[in-house]
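Take a look at the structure below.
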Amino acid sequence: MTLIAVTKTVDVETINKAIELGITDIGENRVQELEKKIEEIGDNVNYHLIGHLQTNKVRNIIDKVKLIHSLDRMSLVKELDKRAKMNDLIIDTLVQVNVAEEDTKFGLEVNKVLPFVEEVLKFSNIRIKGLMTIAPYTDDKVLLRNVFRTMYKLKEEISKAGYENLSMDFLSMGMTNDYEIAIEEGSNMIRVGSGIFGDRNY
C-alpha cells in the first residue's frame, strides 16, 4: 500500500515534519505549487502530480515526478512523449478514469479506457502503470463501493489482456473520506490530505 500525502496549501515546515515521521510520497494538484515544494524540500521524498495536467506545463515537471496520475487525453500523451524523448526519459503514468461521469471531473469514461490504452502503447516514452479515479464526494457507501469495484474490474480486464510494456501495478483510489472502502475494493495507492494535515482553508 502506498500512502500519498496530499500537500495542497500545506506549508513546507509541516510537510518536512510529516517526512520525518515516515511519509515517503507527496502529491500535488498544481504544477506551480509542486515546483515550489520540490525546490524547498529537495529529493527527500517521491513527488506525484495528482491533478489535471495542462500540456503547456509538462516541460516544468517532466524530470521531477515519480508518477503522473492524470493521463486522460491524447494531446497530453503526445506532449509527454515528446518531452520525455527530449530528456531521454520514460515517464510513468496512471490513466485517470471518471467512473461516475461527473461533469466537474476530468478522466475517461470507463468504456473509452481500453481504446485509449491501446493508443498510448504506440508511444515509446510513456509507460502506463495503472489507473486512478476520484470518486464522487458523498456519504453514499453503496455508490462509492460500486465506483471502486468498477475500477478494480477494469484493472483486471486490462491486466488479463496481456499488453506488452504495460502494467497494472497501481490502483490509485481513495481519499480522506473514502479510503477505507477503496482499500476494501482493491486500492493499493491512497491520496490523503486532511486526514493527515487537518482541514484546510482554500
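Things worth noting here:
- Search result, residues across the stretch 147-193 that are surrounded by fewer than 20 Cβ atoms within 10 Å (Cβ to Cβ), within 18 Å of Thr9 (Cα to Cα) and touching a residue at least 40 places away in the same chain (Cβ under 8 Å): Met175, Val192
- Flag for Asn125 being modelled with pLDDT of 95 or more, touching a helix residue (DSSP H, G or I) at 6+ places or on another chain (Cβ under 9 Å) and more than 20 Å from Ile50 (Cβ to Cβ): yes
- Any hit, the stretch 168-180, residues being modelled with pLDDT of 95 or more, of a type in the set (Val, Ile, Thr) and over 15 Å from Leu3 (Cα atoms): no
- If you check Ile61, Ile68, Ile4 for being out of contact with any helix residue (DSSP H, G or I) (no Cβ under 9 Å at 6 or more places or on another chain), within 23 Å of Val117 (Cβ to Cβ) and of a type in the set (Val, Ile, Thr), only one passes: Ile4.
- Residues within the stretch 122-137 that are farther than 15 Å from Asn98 by Cβ and among the polar types (S, T, N, Q), tallied: 2
- Selection within the stretch 33-42: residues that are part of a helix (DSSP H, G or I) and free of Cβ contacts under 8 Å to residues at least 12 places away in the same chain. The member of this set that is surrounded by the most Cβ atoms within 10 Å (Cβ to Cβ) is Lys36.
- For the stretch 17-29, the set of residues classified as under 11 Å from Asn44 (Cα atoms) and assigned to a helix (DSSP H, G or I) consists of Ile19, Glu20, listed by residue number.
- Residues within the stretch 43-71 that are in a strand (DSSP E or B), of a type in the set (S, T, N, Q) and within 17 Å of Ile19 (Cα to Cα), tallied: 1
- Checklist (1) polar (S, T, N, Q); (2) in a helix (DSSP H, G or I); (3) closer than 24 Å to Phe170 by Cα applied to Thr14, failing item: (3)
- The stretch 118-146, residues that are more than 20 Å from Asp72 (Cα to Cα) and buried (at least 21 other Cβ atoms within 10 Å of the Cβ): Leu144
The values are calculated or read from the model by the stated rules, or taken from the named source; none is laboratory data. Note that the coordinates shown come from a computational prediction; the quantities given were computed from them, not determined experimentally. Positions of Cβ are generated from backbone atoms using ideal geometry, with glycine treated the same way; all protein chains shown enter the neighbour counts.
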